[in-house]
Amino acid sequence: MNVELVLFILLALVAVGSAIGMLFSRNAVHSALFLVLNFATVAFFFLFLGAPFIAMVQVTVYAGAIMVLFLFVIMLLGAELLRQANTVLPWQPPLTIFLAVVFLGVIGLYFWNAGVAGLPPALAGDEAARAFGSPQSIGLTLFQEYVLPFEITSFLLLVGMIGAVVLTRDEKKQ
Amino acid sequence: MAMEWVRLIEWIIKAVISTAVLLAGFAYMTWAERKVAALLQQRIGPNRVGPFGLLQPVADGIKLIFKEELIPAQADKLIFLLAPVITVVPAFIILAVVPWGPPVKDFYGPGQDLPLGIANLNVGMMYILSVASIAVYGVTLGGWASNNKYATLGGLRSAAQMISYELGLGLSVVGPLMLAGSMSMLDITNAQAPVWFVFLQPLAALIFYIAALAEVNRAPFDMPEAEQELTAGYHTEYSGMKFALFFMAEYIKMIGVSAIFTTLFLGGWQGPFVYEFPWLGIVYFWGKIIASLVFMIWTRSTLPRLRYDRLMAFGWKVLLPAALVNVLVTAAALLGNQVILGAVLGALGVAVVIAIFFGLARRSRGGPAGRRARAAQSETVV
């Protein structure tokens, strides 16, 4: 029973708890906040795996930027209180249950085959993992090996941004 | 094993000292703000409580503690209580990665240095940006949970402002990061041994300073607290200690961004004889922070508040492109000759800074808008 395992179990409880809270709270703002907590907890898992850069990006991009935009939309539309209407997407709950069962089945199958030895080891102390997760190695991999996908992604984002600007532009100026 | 316990105690002591210094800094920033503003406006400022009004923060604190705490009837109570806490915590933890001085060599014996900073992460700058991005929540949620339209509008406004200026802020630090070749704040400070980055990256320093003012909601970007437009903004419904927490967060964030500005552009703890006497680094570090803080107070007493649409336009159409150009030029200069690097960066940066200042000056003095503004002003005076 080492410190890392205890911390992992605590964080895992928080992560699962916040995910459940996100699903079951009736107020959309509370749901969004539970999701922020969940993202922050996942960032801690990245730290445990020796990937500090990914952890910080997770907090900055997901917990920081994207969820703030979610909150914006919820608050501006005044959509925080959910109406008691399951008629909007009637096929959703059965599909959710089916997919959850499939997901748990896949995980169960993996451990059925691999046993407890299949658990990934804690990597924070591992030198190779630490070097791989450093900002330098991520930068080199991203800008040398995967430079084309990186450029295409950034181009897509740029197109999306220009599209948003064009859509919201004032008509009178033309 | 014994050494690990010593390290643990060392971390706890450093964290406690950092928190205590920030708290004391907050208390005396409120005093300094009023004193310096008074000096600039030829007033006297607080002078009733203690010598030179030095006990004024204590009196203010006692007053705020004994004030009645109100919670609006329809407010979301949990989030209403949580919002000030969410605002204060990032303000405290953001300084964890900033070094206060160079490592004290052989402090515990041979080969056992004492680093003068809580943590030296290899992703230090990313940590600062991620903590800063979390700070938006407190303001937004505080405004929303109050169940008051003015507070909600103020919260949304300030969130939009903080997100917009985060882009300029994040891009302006890329220049120093590229010059230092590291995201660790200690490496960045070490890289400024002969020349501070403010001379190599004047444009980045200016963008960082402006964006940081917007990020901590200081004048001329104190839009979230526009009393005339929004009664008070996101903290309209807050009173007593909960209001004091928002207030505290603002001042501690001021100290925080000053410390980061110092580390990135003013050489951090660099100064004469600092490697011989590491403790001297703390003096240099805090001296530079205080200079930066006084400059912020000066800015506040000088400039009027920007209008909201102009504020957003400035952030997106001026700061962001300028920061992008700065990144591009720095990268190009780094690729080319290292010797001409300083000359190219310095000359370009100074040219752009001068151009911006002249442009602003011309707009405020001449031009139809400026003339109209002056005419309106003279009418009100008459």
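If you sort the three axes of the alpha carbon gyration tensor as a ≥ b ≥ c, you get a/c of 1.5 or more for the range B:1-77 and a/b no higher than b/c, which makes it oblate.
In this structure the amide hydrogen of B:Val104, modeled in the peptide plane, comes within under 5 Å of the amide hydrogens of B:Leu114, B:Leu116, none closer than 5 places in sequence on its chain. Oblate is the label for the range B:14-148. Its Cα gyration tensor axes, ordered a ≥ b ≥ c, give a/c of at least 1.5 and b/c at or above a/b.
Simple point charges give the picture: +1 on the Cβ of Lys and Arg, -1 on the Cβ of Asp and Glu, and for the range B:26-174 a dipole about the Cα centre of about 520 debye.
Let me confirm one metric for peptide A:48-58, namely the mean number of other chain beta-carbon atoms within 10 Å of its residues' beta-carbons.
On the way: counts 0, 0, 0, 1, 7, 4, 2, 4, 12, 4, 1.
Partner-chain Cβ atoms within 10 Å, mean over residues of A:48-58: 3.
Projection of the Cα convex hull of the protein assembly as shown, averaged over all directions and equal to a quarter of that hull's surface, yields 34.0 nm². For the range B:41-90, a reduction of at least 10 Å² in accessible area between the chain on its own and the assembled protein chains (probe 1.4 Å) is found at B:Asp76, B:Ile79.
By the helix-only formula, in which each DSSP H run with n ≥ 4 contributes -39500 (n - 2.57) and the sum is divided by residues, chain B has a 222 nm mean residue ellipticity of -22500 deg cm²/dmol.
Take every Cα pair under 8 Å whose residues are at least 6 apart in sequence, average their separation, divide by the length of the range A:1-80, and the relative contact order is 28 percent. In terms of the mean number of neighbouring beta-carbon atoms within 10 Å, the peptides B:6-15, B:193-202 order highest first as B:193-202, B:6-15. Starting from one equal scatterer on each C-alpha and no solvent at all, send me the Debye-based log10 I(q)/I(0) for chain B at q = 0.07, 0.12, 0.14 Å⁻¹, two decimals. Scattering profile of chain B, log10 relative to I(0): -0.35, -1.03, -1.34. For the range B:194-282, with all protein chains in place and a probe radius of 1.4 Å, 75% of the accessible heavy-atom surface sits on carbon or sulfur. Listed by number, the DSSP H helices of chain B that run 20 Å or longer by alpha-carbon position along their axis and have mean Kyte hydropathy of at least 0.0 are B:2-40, B:77-93, B:149-172, B:240-265, B:280-302, B:320-335, B:338-365.
Shape verdict for the range A:1-81, please, from the Cα gyration tensor: rounded (a/c under 1.5), prolate (a/b greater than b/c) or oblate. Each step should come with its number before you reach the end.
Details: a/c = 5.61, a/b = 1.67, b/c = 3.36.
Oblate shape, in that a/c is at least 1.5 and b/c is the bigger or equal ratio.
Note the buried accessible area between B and A here, summed over both chains, with a 1.4 Å probe, in Å² to the nearest 100.
Values: alone 19250 and 13700 Å², together 31070 Å².
The B and A chains share an interface burying roughly 1900 Å².
Springs between Cα atoms under 10 Å define the GNM used for chain B, and in it the highest mean-square fluctuation of B:Ala351, B:Ala180, B:Ala83 occurs at B:Ala351.
The values are calculated or read from the model by the stated rules, or taken from the named source; none is laboratory data. Everything numeric in this text was worked out from a predicted model, so none of it was measured. Counting neighbours? That spans all protein chains shown, and the Cβs are built from the backbone with ideal geometry, glycine included. Calculation scope for accessible area: heavy atoms of the full protein, side chains included, ligands and nucleic acids excluded. Shrake-Rupley method; radii C 1.70, N 1.55, O 1.52, S 1.80 Å.
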